[in-house]
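Structure first, then comments.
Bear in mind that the values in this text are calculations on the coordinates, not laboratory data. Keep in mind that what you see is a predicted model, and the values were worked out from it rather than measured. As a convention, Cβ positions derive from the backbone with ideal geometry for all residues, glycine included, and neighbour counts pool all protein chains shown.
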């Protein structure tokens with residue numbers, strides 16, 4: 001779609017996280033669209049009416065997995081009135097949400113999801129001069145350890161809403177959780193890596209481990225900060241390093257690890 005920035009006007013970026021349920025991976029057929037904004041306050045969900053003849057034909061073409069995990073989640077109480085033209089309803093939501101000269105950065109973790117979303121709204125005659133939609137591939141974030149852990153926590157909290165993995169709204173919320181968690185961790189990590197506390201941990205490692213092997217102790221410590229070691233009860237060193245007594249706990253944990261390695 002066109003970019004309002006080309007007209008020389010100030011553009012407001014709005015990040016939306018996309019989830020799409022679709023069947024038949026060789027020939028994808030769209031079942032539902034879920035979108036959520038960065039702050040999570042604006043959410044959009046629309047799904048096929050599975051009672052229609054067209055939907056019944058789609059169900060017949062779907063695999064057993066798709067019937068059990070995708071189509072079985074259609075018509076749930078919270079979303080039962082969200083049936084209709086997927087592209088048209090999504091277009092209307094975007095337009096209603098967007099101030100003038102807005103640009104939607106639609107985040108996705110699978111190219112097929114974005115392609116189906118774009119095809120759905122492109123058939124509605126959306127005014128591309130008023131609303132610009134730009135793809136934002138977040139597959140790397142979604143597949144990172146931090147991202148997957150955050151997404152997993154999000155899925156577990158959605159049990160109360162009766163939705164689970166592969167529901168379009170659940171997938172959109174999980175992708176948002178991954179993005180927020182990775183961003184927050186990155187920001188905190190940048191601050192910690194330049195702190196005297198982190199330097200103290202690296203110095204301790206240098207006294208405990210033979211550095212003649214040219215092992216990158218600082219690089220190892222960076223990774224350890226976001227790990228959840230058993231010795232710390234599953235808590236991340238990043239969350240403890242500035243907590244009261246936390247630095248001392250980390251030092252003891254490193255000492256025990258090194259002593260164990262040489263035992």
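Arrange 20, 154 by Cβ neighbour counts within 10 Å, fewest through most, would you? Mind dumping the intermediate values first?
Numbers: 20 24, 154 20.
Ordered from fewest to most neighbouring Cβ atoms within 10 Å, 20, 154 come out as 154, 20.
Take the Cα gyration tensor of the range 139-181, multiply each eigenvalue by 5, square-root it, and list the three semi-axes largest first, rounded to whole angstrom.
Working: eigenvalues 60, 18, 10 Å².
Output for the range 139-181: semi-axes of 17, 10, 7 Å.
Figure the gain on full extension for residue 161 and residue 187 (residue separation times 0.36 nm, minus the Cα-Cα span) and round it to one decimal in nm. Working shown, then result.
Working: separation 26, 0.36 × 26 = 9.36 nm, distance 3.10 nm.
Extra length from residue 161 to residue 187 when fully extended: 6.3 nm.
Compute the length gained on full extension between residue 145 and residue 39: take 0.36 nm times their separation in residues and subtract their Cα-Cα distance, giving the result in nm to one decimal.
Values: separation 106, 0.36 × 106 = 38.16 nm, distance 2.23 nm.
Taking 0.36 nm per residue and subtracting the Cα distance, the gain is 35.9 nm.
Where does the range 196-262 land on Rg(C-alpha)/(2.2 N^0.38 Å)?
On the way: Rg = 11.3 Å, N = 67, 2.2 N^0.38 = 10.9 Å.
Compared with the compact-globule rule of thumb, the range 196-262 sits at 1.04.
Relative to the longest principal Cα axis of the chain, at what angle does helix 168-192 sit, 0 to 90 degrees, rounded to 10?
That works out to roughly 30 degrees.
Using a simple spin-label model with points 7 Å from Cα along the Cα→Cβ vector, what separation in nm is obtained for residue 194 and residue 72?
5.1
Highest GNM mean-square fluctuation, the chain, Cα pairs closer than 10 Å: which of 101, 190, 24?
Judging by the Gaussian network model, the answer is 190.
By how many degrees, 0 to 90 and rounded to 10, does the Cα axis of helix 145-157 deviate from the longest principal axis of the chain?
With rounding to tens, the tilt is 60 degrees.
Bin width 5 Å, origin at 0, all Cα-Cα pairs of the range 39-86: what percent of pairs per bin?
5, 20, 26, 25, 14, 5, 4, 1
Would you compute the Debye intensity of the chain from its alpha-carbon atoms alone, equal scatterers and no solvent, and pass along log10 I(q)/I(0) at q = 0.10 Å⁻¹ to two decimals?
Debye output, listed in q order: -0.65.
Looking only at the chain, where both bridge partners belong to it, what percent of the DSSP beta bridges are antiparallel (to the nearest 5)? Write down the numbers at each step before the final one.
Details: 13 of 27 bridges.
The antiparallel proportion sits near 50 percent.
How far apart, in nanometres, would the label points at residue 100 and residue 25 be if each is projected 7 angstrom from Cα along the Cα-to-Cβ direction?
If labels sit at residue 100 and residue 25, their model points lie 4.7 nm apart.
Tilt of helix 111-122 relative to the longest C-alpha principal axis of the chain, in degrees (0 to 90, nearest 10)?
With rounding to tens, the tilt is 30 degrees.
Given labels modelled 7 Å from the Cα in the Cβ direction, how far is it in nm from residue 239 to residue 88?
Spacing of the two 7 Å Cα→Cβ label points: 4.7 nm.
Would you mind listing how long the range 51-173 runs along its three principal axes, going by Cα atoms, in whole Å with the largest first?
So the three principal-axis extents are 42, 42, 25 Å.
Go ahead and estimate [θ] at 222 nm for the chain from helices alone: -39,500 (n - 2.57) per DSSP H run with n ≥ 4, summed, over the residue count, rounded to 500. List each step's numbers first, then the result.
Values: 11 runs with 125 residues, N = 263.
Helices in the chain give a 222 nm mean residue ellipticity of -14500 deg cm²/dmol.
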